[in-house]
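Computed from the coordinates by the stated procedures, all read-outs in this text should not be read as laboratory data. Remember, predicted model here, so these are calculated numbers, not experimental data. For neighbour counting, all protein chains shown are included, and Cβ atoms are generated from backbone atoms with ideal geometry for every residue, glycine included.
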Amino acid sequence: MSFFDNIPQVKYEGRDSKNTFAFKYYDPKRVILGKTMEEHLPFAMAWWHNLCANGVDMFGVGTTDKSFGCVPGTMEHAKAKVDAGIEFMQKLGIKYYCFHDVDIVPEDPEDINVTNQRLDEITDYILEKTKGTDIKCLWTTCNMFGNPRYMNGAGSSNSADVFCFAAAQAKKGIENAVKLGAKGYVFWGGREGYETLLNTNMKLEEENIARLFTMARDYGRKIGFTGDFYIEPKPKEPMKHQYDFDAATAIGFLRKYGLDKDFKMNIEANHATLAGHTLQHELRVCAVNGMMGSVDANQGDMLLGWDTDQFPTNVYDTTLAMYEIIKAGGLRGGFNFDSKCRRPSNTFEDMFFSYIAGMDTLALGLIKAAEIIEDGRIDEFVKERYASYESGIGKRIHDGTATMEECAQYAAELKKPENPGSGRQEYLESIINNILFRS
Ligand code: XLS
Ligand code: NI
Ligand code: NI
């Protein structure tokens, strides 16, 4: 069964191509800084946005038909989505996919055992259909926010019964990760947060989230899951305050509970901006803490305060993100397009145009980030800016051998320090522009 007959295989044609179904920058076999573009950019399709979301929003019903010729809510439909997803990925040369449990099967509202049987059936089907292809699972996750039982959270629920359902879902999700050979299992906070502290025991909720993570880690390692667990920070939405606010908060939390060896970060661009950070900031926090895991590739809209999950098309942002990722040695995971077509972009062609735009924008970001690194002026400037820590008192401070008395004595002798030097921000920004826009 094929769904995208009118769409050709999407290939690289170069920046002068006007072919709507061609990559202008993503040239999978092109080598950049010693690795091919496809090695730098392990792209993944997000099941939920691409195969499930139909444009429904708070103000209106769906605009895109994602029934794939079947009745939604049936296993027949679930299987058609597998077929459509594989065809879609193959046409674009995408090697990975990510999903929530209930993206791939309809959840039985009455009995979790029925849902689990369906998950067994569909994961068998995915394995059968991807056999002989180079398509693999990047990560699995569980929807622990949609079902009404999670109205007060999952691991952070006030109800121990609900906690057990979260544990049961995550257990199955990790089993699916092992079965499908996934590189990771993601915890996005869903409703792990609060609306008002007047009804919330924050301490207990946070401790229970840590228990859930610990159970997941222990069970996963027991059944042979060798991949990474990921936390996906987000500061708000759906809850007013979410516990995994940003990378720094989540990393501190993991360290507090001894989970930092098994967990890494899954950084989403739009969540970074909701937290008042840039994507580059979040990635730098991961890099300096050895927590660079995976990326949910998308972008928000600076004029809107919510998670719009737009496809990444801002080259400035992807360039600075790729700069961080390359310098950190690459991602352990990949680039999952947690992005959806705008509601009026409601055709199957738009699904392809969106992915082509997103893949090309990350590819162009990679090309430009490599040029910034090869150019060397930025890195050189930063190195020079901190040169006072390479010798003398500065070196002893950084090594941890200088005492407070010694620093004070040094200051007393100096009487007044020299001007610490211009930060040269505008000059550095002009270098980025020069590299981005030179022909
Ligand atoms: C929601 C999150 C979600 C996670 C997976 O904002 O981005 O889609 O990526 O649960
Ligand atoms: Ni996400
Ligand atoms: Ni999101």
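Between Glu268 and Asp296, the built amide H atoms are under 5 Å apart, and every one of these is 5 or more places off in sequence or on another chain.
Taking Arg377, Arg211, Arg191 in turn, the Gaussian network model of the chain (Cα-Cα springs below 10 Å) assigns the largest fluctuation to Arg377. By definition, a body whose alpha carbon gyration tensor gives a ≥ b ≥ c is prolate when a/c is 1.5 or more and a/b is larger than b/c, and region 123-195 fits this prolate description. For region 153-310, the dipole from Cβ point charges (+1 on Lys and Arg, -1 on Asp and Glu) about the Cα centre works out to 620 debye, to the nearest 20.
Give me the dipole magnitude in Debye, nearest 20, for region 40-189 about the Cα centre, with unit charges on the beta carbon: positive for Lys and Arg, negative for Asp and Glu.
Working: 14 positive and 18 negative charges, 116 e Å.
The calculation lands at about 560 debye.
Subtracting the Cα-Cα distance of Arg149 and Glu349 from their residue separation scaled by 0.36 nm leaves 68.3 nm. Oblate is the label for the chain. Its Cα gyration tensor axes, ordered a ≥ b ≥ c, give a/c of at least 1.5 and b/c at or above a/b. Just check region 40-129 against the gyration tensor rule for me: Cα atoms, a ≥ b ≥ c as the square roots of the eigenvalues, rounded for a/c under 1.5, and otherwise prolate or oblate depending on whether a/b exceeds b/c. Since a/c reaches 1.5 but b/c is at least a/b, the shape of region 40-129 is classed as oblate. For region 293-357, applying the loop criterion from DSSP together with a ceiling of 15 other beta carbons within 10 Å to the chymotrypsin sites (Phe, Trp or Tyr not before Pro) yields Trp306.
3J(HN,Hα) couplings calculated from phi for region 118-125 with the Karplus curve 6.51 cos²θ - 1.76 cosθ + 1.60 (θ = phi - 60°) are, in sequence order, 5, 5, 4, 5, 6, 5, 4, 5 Hz; Gly and Pro show x.
Suppose only helical runs count, i.e. DSSP H with n ≥ 4. What mean residue ellipticity at 222 nm does that imply for the chain under -39500 (n - 2.57) per run, divided by all residues and rounded to the nearest 500 deg cm²/dmol?
Values: 15 runs with 194 residues, N = 439.
Result for the chain: -14000 deg cm²/dmol, rounded to the nearest 500.
Here's the list of lysines a cross-link from Lys179 could span, going by alpha-carbon distance under 18 Å and ignoring same-chain residues fewer than 8 apart: Lys79, Lys95, Lys129, Lys131, Lys136, Lys171, Lys222. Each of Val315, Val61 has some number of other Cβ atoms within 10 Å of its Cβ, and from fewest to most they run Val61, Val315.
Could you size up the charge dipole of the chain around its Cα centre, putting +1 on the beta carbon of Lys and Arg and -1 on that of Asp and Glu, and report it in debye to the nearest 20?
For this selection, approximately 680 debye.
Helix 404-414 and the longest principal axis of the C-alpha atoms of the chain enclose an angle of approximately 50°. Subtracting the Cα-Cα distance of Ser391 and Gln117 from 0.36 nm times their residue separation leaves 92.2 nm of extension gain. Just Gly305, Gly184, Gly365 to compare: in a GNM of the chain, with alpha carbon springs under 10 Å, which one fluctuates most? Looking only at Gly305, Gly184, Gly365, the biggest GNM fluctuation is shown by Gly305. Residues whose amide H comes within less than 5 Å of that of His241, counting only those at least five positions distant or on another chain, are Tyr194 (H built at 1.01 Å from N in the peptide plane).
For region 314-421, the relative contact order comes to 30 percent (Cα pairs under 8 Å, sequence separation of at least 6). The order of Arg217, Arg342, going from fewest to most other C-beta atoms within 10 Å of their C-beta, is Arg342, Arg217.
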